[in-house]
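Here's the structure we're looking at; comments come further down.
The values are calculated or read from the model by the stated rules, or taken from the named source; none is laboratory data. Keep in mind that what you see is a predicted model, and the values were worked out from it rather than measured. As a convention, Cβ positions derive from the backbone with ideal geometry for all residues, glycine included, and neighbour counts pool all protein chains shown. Please note that ligands, DNA and RNA were not included when accessible areas were found on the heavy atoms of the full protein model with its side chains. Shrake-Rupley method; radii C 1.70, N 1.55, O 1.52, S 1.80 Å.
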Amino acid sequence: MERVRVRLMNRKQLFEIAETWFQQQSWKPFAFQKETWTAFLQGKHGLLNAPTGSGKTYALWFPIVLNYIKKHPDYKTRHKKGLKAIWITPLRALSQEIKQSAERITQDLDTQMTVGIRTGDTSTKERSRQKTNMPDLLITTPESLQLLLSSKGYEKVFKDCSAIVVDEWHELLGTKRGVQMELGLSRLKTICSHLRIWGISATIGNLEQAREVLLGPTSEALQNSILVKAKLNKKITVKSIIPEKMETFPWRGHLGLHLLEDVVPIINSSKTTLLFTNTRSQCEIWFQKILEKHPEYAGEMAMHHGSVNKETRIWVEQAIRNESLKAVVCTSSLDLGVDFAPVETVVQIGGPKGVARFLQRAGRSGHRPGEESVIHFLPTHAMELIEASAMQKAVKHEAVEDRIPYLNSYDVLLQYLTTLAVSDGFYPEEIYSEIKQTFCYQALSEDEWQWLLNFLVMGSQSLKTYDEYQKVEVEADGKFKVNNRGIAMRHRFQIGTIVGDAAISVRYQKGGYIGSIEEYFISKLSPGDVFTFAGRNLEFIRIKGMQAHVRNSTKRTNKVPSWMGGRLSFSAQMSELLRQELYTAELAISKQSNEIKSLSPMFTKQREESIVPRPEEFLIETFKTRDGYHHIFYPFEGRGVHEAMSSLLSYRISLLSPITCSLAFNDYGFEMLSDKPIDIQNVLDNDLFSTEYMLSDLQKSLNSNEMARRKFRDIAVISGMVFTGYPEKGVKMKHLQSSSQLLFDVFKDFEADNLLYRQAFTETFEHQLEEGRLRLALERIAKQEIVWKQCEKPTPFSFPIITDRLREKLSNEKLADRIKRMTKILMK
């Protein structure tokens, strides 16, 4: 009788179970959800391309549960224990939501399946319970998955797992966490005989490649896979907040606060508004200022960013769901998937620097399928209105960036191999064939592999006399294993690829935890200094271990923590869109957007001294002020490219005539400020923008050793050469820095072919300086007509760059005064 029932559970019946459930919720499954269910039940792997808030969680939880029902028709009366599916999320904040979606299905269908979470926030008690009794469905992060692989007997835990879903795959792709995920999947494919791998990704430019990286470029899984696209035609409306009085000379100083009163009616007319800022410090400032001017929002407004403590963050997320907050000022900590139905409006403060990020944030409003998303764009200075206008076109054409995957990240591979050696040990030939199937290591040679194995056993060539680098032992049968408990424990503490500046926890003297701030900021404070953090004014008392002690203060202050990762640069896509938009300033008014029209006073002023460049023109401006001789170039390529290009060009100029200049750059252009004028014509005649010898010139121009040294710190930590300390104890940043610098110098002098040392340079040029983009930009400029304008005084385009440089030197009040005076003179 049992066998007959098994045969009866065909796909049609399984679909009926799902569709009945959807009807009970008064919903109707989308075509993409059904397409995913079908593919999954046919045993296929895949990538689902669906926007946030489209019901993507149900597209994959359902077939996982239906597959269990299909295999166990007596599921209501008998429960087979053990791990059946893993759901990977890059953000811990999302795990609660994902768990609730899964539980709705498992409980409503009476499956007796359990759902558990395992992240850095999971209590020790819950973890040890999971050790003996794994939930059926586990929600976890890339780091926690690696931790599971580092525990003894992990193969037994995973062997019956039938599915792994990697959520927000676009966020992981192009980061080392993505590489970590590729390695984890390569192992699970071998252990779990019936594993289906699925990724969920928002729209990015290279979706096909994203699927290849997820499944492995040469794998059978890729052959047996599908790309499902949710065609939902979600309507996104971008509304720019255009100031009534347009500044002719734009600068970034006031962070858009002069438009604060324009935001108030938006907040008042919506249930809940999210105000996205690009940096944590901007987030703190906006929160303070809104409350100062509108105390009536007290209790109805909150702040959310990654350094605020976990309890506060969870409280804020819950309060958004309960509709008890009118507004939340936040950073990218609320960018991803958390499903906040009540959010009606999103305000983006300042240019988001990338199309994908902007679309992601827009999707936060009208989060229910079929609802319109409204996003208000608030410029922090006039030039950003060009960005706003470009964004509207990007939204229309879904012109989204590619995410470029990493290749040959030796540091992540060493960490992973140590993880396997810590648990049950590994045989190199077996693991090598698995690793070669991944995208990141498809070109890893036998020699490099041998080097990495030697590194695990002896440390590198130049370190083999030091015991602490010899972590792994080779047993008689050729198995690589870590037998030392101390090494294993230290390794588990350090699993992960996110290396920030050392975080110092901020606490009240009596012990209440407020959040964490980078050591870099705290090191600049003296006792008695007042700073703003987590929405309150705090007085710094002392630093003790890795903790900063503070007390509340009533003093006003303009000190706000800045985080090193604070300044985002334009993506290539964004730069291209921005240039296209700028070129419309020279078209007939009927062909211009409202934003470009509103900038006409600025463009008129710009034309008085200089030009607004056309597509075939490249603009260089020179003028003299009391600070010296300014030479300003406008590639419109984003900070990252400008940092490299300004160094490269100043090096080439110095070869022609010895000159010292200080460099400043923003997203629109860069400035060389010197004490004597540069003969621009002579420089141009000498092929300034040539791509020949670009890399060697770039290496000479930048302190590339210094930059690689900074990158090497992260590589040393990820590969396990440098230990970051036990939780709560920590190792001070300067100690970390000095130990990694020592290693860097040893390799530089005695072992220049060390793979980790070489990796530091590769990453500096490819990731930080975007060498590929720099080359393309130089090729583009070489084809343009170069227009050199010798101006009498600063132009509106140059103004943000000049004032940015002043900011480094002056306090906020002095800066505002100085800029007022400068503007007054320039307006005459």
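Quick one: if you stick a label point 7 Å off each Cα along the C-beta vector at H194 and Q509, how many nm between them?
So the two model labels end up 6.4 nm from each other.
Sort 640-652, 29-41 for me by packing, meaning the mean count of neighbouring Cβ atoms within 10 Å per residue, highest on top.
In descending order of packing, they fall as 640-652, 29-41.
Suppose a student asked you for the relative contact order of the chain, using Cα pairs under 8 Å spaced at least 6 residues apart; what percent would you report? Intermediate values should be presented prior to the final figure.
Details: 1438 pairs, mean separation 101.0, N = 828.
Answer for the chain is 12 percent.
What FRET efficiency comes out for E261 versus R626 if R0 is 35 angstrom and r is the Cβ-Cβ distance? Round to the nearest 0.05.
On the way: r = 35 Å, r/R0 = 1.01.
With a Förster radius of 35 Å, E is 0.50.
With runs of 4+ DSSP H residues as the only contributors, calculate the mean residue ellipticity of the chain at 222 nm using -39,500 (n - 2.57) per run, divided by the residue total and rounded to the nearest 500.
Numbers: 34 runs with 362 residues, N = 828.
One gets -13000 deg cm²/dmol as the mean residue ellipticity at 222 nm.
May I ask for the equivalent-ellipsoid semi-axes of the chain, computed as the square root of five times each C-alpha gyration tensor eigenvalue and listed largest first in whole Å?
On the way: eigenvalues 413, 227, 150 Å².
Ellipsoid semi-axes (Å, largest first): 45, 34, 27.
Using DSSP to define loop residues, name the chymotrypsin sites (Phe, Trp or Tyr not before Pro) in segment 659-722 whose beta-carbon has at most 11 other beta-carbon atoms within 10 Å. Let's see the in-between values first.
Working: sites: F665, Y668, F670, F689, Y693, F712; in loops: Y668, F689, Y693.
Those satisfying the criteria are Y693.
Compute the separation of the alpha-carbon centres of segment 135-165 and segment 623-658 and state it in Å as a whole number.
Taking the Cα centre of segment 623-658 as reference, the centre of segment 135-165 is 52 Å away.
Counting only DSSP beta bridges with both residues in the chain, tell me the antiparallel percent, nearest 5. Write down the numbers at each step before the final one.
Working: 35 of 92 bridges.
Approximately 40 percent, going by the DSSP bridge assignments.
Taking the Cα centre of the chain as the origin and placing charges on Cβ (Lys, Arg +1; Asp, Glu -1), which of S324, Y668, T140 is farthest toward the positive end of the dipole?
Selected residue: S324.
In what order, largest first, do E771, E182 sit by accessible area if the probe radius is 1.4 Å?
Numbers: E771 35, E182 10 Å².
So, going from the largest accessible area down, we get E771, E182.
For segment 280-286, in order, what is each residue's ³J(HN,Hα) by Karplus, 6.51 cos²θ - 1.76 cosθ + 1.60 with θ = phi - 60°, in whole Hz (x at glycine and Pro)?
5, 5, 4, 4, 4, 5, 4
Between K436 and K71, what length comes free when the chain is fully extended (0.36 nm per residue of separation minus the Cα-Cα distance, one decimal in nm)? Working shown, then result.
Values: separation 365, 0.36 × 365 = 131.40 nm, distance 3.34 nm.
Additional length available on full extension: 128.1 nm.
Rounded to the nearest whole Å², what accessible area per residue is found for segment 205-302 with the 1.4 Å probe?
Working: 4430 Å² over 98 residues.
Per-residue value: 45 Å².
Place a +1 charge on the Cβ of each Lys and Arg in the chain and a -1 charge on the Cβ of each Asp and Glu, then give the dipole magnitude about the Cα centre in debye, rounded to the nearest 20.
Working: 111 positive and 99 negative charges, 550 e Å.
With only Lys, Arg, Asp and Glu charged at Cβ, the dipole is about 2640 debye.
With all protein chains present, how much of the accessible area of the chain (probe radius 1.4 Å) comes from carbon and sulfur, to the nearest whole percent?
On the way: 17500 of 35220 Å².
The value for the chain is 50 percent carbon and sulfur by accessible area.
Using 0.36 nm per residue, how much length does the chain from K81 to S128 gain when fully extended, once their Cα-Cα distance is taken away? Let's see the in-between values first.
Working: separation 47, 0.36 × 47 = 16.92 nm, distance 1.67 nm.
Using 0.36 nm per residue and subtracting the Cα-Cα distance, I get 15.3 nm.
Assuming R0 = 60 Å, can you tell me the calculated FRET efficiency for the pair T20 and K396, based on Cβ-Cβ distance, to the nearest 0.05? Let's see the in-between values first.
On the way: r = 39 Å, r/R0 = 0.65.
For R0 = 60 Å, the calculated efficiency reads 0.95.
Which log10 I(q)/I(0) values, to two decimals, does segment 417-546 give at q = 0.16 Å⁻¹ under the Debye formula with one point per Cα?
Debye output, listed in q order: -0.85.
Work out how much length K235 to V474 would gain on full extension: take 0.36 nm times their residue separation and subtract the Cα-Cα distance, in nm to one decimal. Before the final figure, lay out each step's value.
Values: separation 239, 0.36 × 239 = 86.04 nm, distance 5.92 nm.
Working it through step by step, the gained length comes to 80.1 nm.
Using a/c under 1.5 as the rounded threshold, could you call segment 129-201 rounded, prolate or oblate? The axes a ≥ b ≥ c are square roots of the C-alpha gyration tensor eigenvalues, and prolate needs a/b larger than b/c, oblate otherwise. Don't skip to the end; give the middle numbers.
On the way: a/c = 1.70, a/b = 1.54, b/c = 1.10.
Prolate.
With only Lys, Arg, Asp and Glu charged, each at its Cβ (+1 for the first two, -1 for the last two), find how big the charge dipole of segment 205-253 is about the Cα centre; round to the nearest 20 debye.
Details: 8 positive and 5 negative charges, 75 e Å.
Dipole about the Cα centre, nearest 20: 360 debye.
Which value in nm describes the separation of the simple spin-label points at Y651 and L742, placed 7 Å from the Cα toward the beta carbon?
Taking the simple label geometry, Y651 and L742 are separated by 3.1 nm.
With r defined as the distance between the Cβ atoms of N224 and Q112 and R0 fixed at 35 Å, what FRET efficiency is calculated, to the nearest 0.05? Please list the in-between numbers first.
Numbers: r = 31 Å, r/R0 = 0.88.
It comes out at approximately 0.70.
Got a sec? Charge dipole of segment 90-161, +1 on Cβ for Lys and Arg, -1 for Asp and Glu; which of I117, C161, S150 is way out at the positive end?
Of the options given, the answer is S150.
Residue farthest toward the positive end of the dipole of the chain, with Cβ of Lys/Arg at +1 and Asp/Glu at -1: which of L83, T795, S590?
The residue sitting farthest along the positive end of the dipole is L83.
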